[in-house]
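In what follows, a single structure is set out as structure tokens and then discussed.
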């Protein structure tokens, strides 16, 4: 597996994958902070598209990622991650709503756990999932990071509406 770092407004993100797909996006802080494994090889080359799209996202110019992803996980986790990718830019939904969308309305806690294990946050937008009361809940990059990502999307969504 190859890796590199990308400087962003929320800190240096760890990007890892192979020549074909992105497998890991790690935050600089929080429970989803990730360091390269000992056998990973530093290389910037396989991640040109990932870095370009993340940079455009943080600049408010990209609303939807178009990258080859290989997140890994159980069939249920992958089902949840696939549903997360359908949450539109600048909007939020609840864990319960995701559970309903995948046909498992009682699996709210399991959806939360799958959401929390998302190996490719931001690109698979787990930050767009909030509690049923509308409050921010746990996030692998820390709640300040989740708030910053939601604020970024809200600001750029509102800017687009005024144009």
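The values are calculated or read from the model by the stated rules, or taken from the named source; none is laboratory data. All values derive from a computational prediction rather than experimental measurement. We place every Cβ from the backbone using ideal geometry, glycine too, and count neighbours over all the protein chains shown.
Quick rundown of the values:
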{"item": "Single unsatisfied condition, residue 148 versus (1) assigned to a loop (DSSP other than H, G, I, E, B); (2) in contact (Cβ under 8 Å) with a residue 40 or more places away in the chain", "result": "(1)"}
{"item": "Spans of helices (runs of 4 or more DSSP H) in the range 1-109 with at least 2 residues under 14 Å from residue 120 (Cα atoms) and at pLDDT below 95", "result": "none"}
{"item": "Cβ pairs under 7 Å, 6+ apart, first in the range 70-90 and under 17 Å from residue 106 (Cα atoms), second modelled with pLDDT of 95 or more and in a loop (DSSP other than H, G, I, E, B)", "result": "79/102; 80/102; 83/102"}
{"item": "Qualifying residue in the range 65-76 (condition: outside the structural domain of residue 52 (by TED's automatic domain parsing), over 20 Å from residue 26 (Cα atoms) and buried (at least 16 other Cβ atoms within 10 Å of the Cβ))", "result": "no"}
{"item": "Test for residue 51: is it within 24 Å of residue 21 (Cβ to Cβ) and not assigned by TED's automatic domain parsing to the domain that holds residue 13", "result": "no"}
